[in-house]
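Everything below concerns the one structure shown next.
The values are calculated or read from the model by the stated rules, or taken from the named source; none is laboratory data. A quick note: this is a predicted structure, and the numbers were derived from the prediction, not measured. Virtual Cβ from ideal backbone geometry, glycine too; neighbours counted across all protein chains shown.
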Amino acid sequence: MNRPRFHLAFPVRDLAEARAFYGELLGCPEGRSSDTWVDFDFHGHQIVAHKAPASGATASNLVDGEAVPVRHFGLILQPAAWRELAERLKAGGADFLMQPQVRFIGQPGEQSILFIRDPSGNALEFKAFADEAQVFAR
């Protein structure tokens, strides 16, 4: 796939309800999950339902040991494009919430990720998978 895939994370009050709606009703296959979040394949795009203990933009969940803002959006880029963006953001003094890094090392879904905030405080995540087949791997 040569086009970027969209990634959207959003808060939900109950993961069982999210699985019933997105997985069963809409027919989105489930990917990786934990007790606080679940990935779905939304027609080739990655959406992630995060159980939000508190509402609002400040809620976060631990993902691979890092506090990830529940409300965020972003793109899944090709590795070379991700590296180029990471360098451009570093050089431009971006407000990183999470420095460029690799997470889930040696596990399904290993990915390069970074989180930044826009000037209005919105959280954005940019990620890349060395193996495109791992986007929805469990």
Check your understanding: On the given criteria, is D64 surrounded by 12 or more Cβ atoms within 10 Å (Cβ to Cβ), closer than 19 Å to R138 by Cα and modelled with pLDDT under 85?
Key -> yes
Review point. Are any of the residues in the range 65-72 of a type in the set (V, I, T) and part of a strand (DSSP E or B)?
Key: yes
Review point. Condition test on D41, is it among the acidic types (D, E) and farther than 24 Å from A133 by Cα?
Key: no
Review point. Would the range 18-27 turn up any residue that is touching a helix residue (DSSP H, G or I) at 6+ places or on another chain (Cβ under 8 Å) and surrounded by 17 or more Cβ atoms within 10 Å (Cβ to Cβ)?
Key: no
Study note, to complete from the structure: The correct count of residues that are of a type in the set (G, A, S) and over 23 Å from S34 (Cα atoms) in the range 87-138 is 6
Exercise for review: Could you identify the single residue in P53, P108 that is under 25 Å from A20 (Cβ atoms), assigned to a loop (DSSP other than H, G, I, E, B) and touching a helix residue (DSSP H, G or I) at 6+ places or on another chain (Cβ under 7 Å)?
Suggested key: P108
**Study point:** Residue selected from the range 112-129 under the condition in contact with a strand residue (DSSP E or B) (Cβ under 9 Å, 6 or more places away or on another chain), in contact (Cβ under 8 Å) with a residue 40 or more places away in the chain and in a loop (DSSP other than H, G, I, E, B), by the criterion surrounded by the most Cβ atoms within 10 Å (Cβ to Cβ)
**Key:** F129
Point to revise | From the options G109, G31, residue that is on the phi > 0 side of the Ramachandran plot and buried (at least 16 other Cβ atoms within 10 Å of the Cβ) | key: G109
Exercise for review: Kindly establish whether V70 is within 18 Å of A18 (Cβ to Cβ) and in contact (Cβ under 8 Å) with a residue 60 or more places away in the chain.
Suggested key: yes
Point to revise | Matching residues in the range 3-36 - criterion: being over 16 Å from A52 (Cβ atoms), within 19 Å of the chain's Cα centre (by Cα) and of a type outside the set (D, E) | key: R3, P4, R5, F6, H7, G23, C28, P29, G31, R32
Exercise for review: Please enumerate the residues belonging to the range 83-96 that are assigned to a strand (DSSP E or B) and under 20 Å from F129 (Cβ atoms).
Suggested key: none
**Study point:** Considering residues of the range 79-106 that are modelled with pLDDT of 90 or more and at positive phi only, the residue surrounded by the fewest Cβ atoms within 10 Å (Cβ to Cβ)
**Key:** G106
Review point. Which residue pairs have Cβ atoms closer than 8 Å, lie 6 or more positions apart in sequence or on different chains, and pair a first residue in the range 38-53 that is in contact (Cβ under 8 Å) with a residue 12 or more places away in the chain with a second residue that is among the basic types (K, R) and assigned to a strand (DSSP E or B)?
Key: V38/R32; D39/R32; G44/R5; H45/R5; Q46/R5
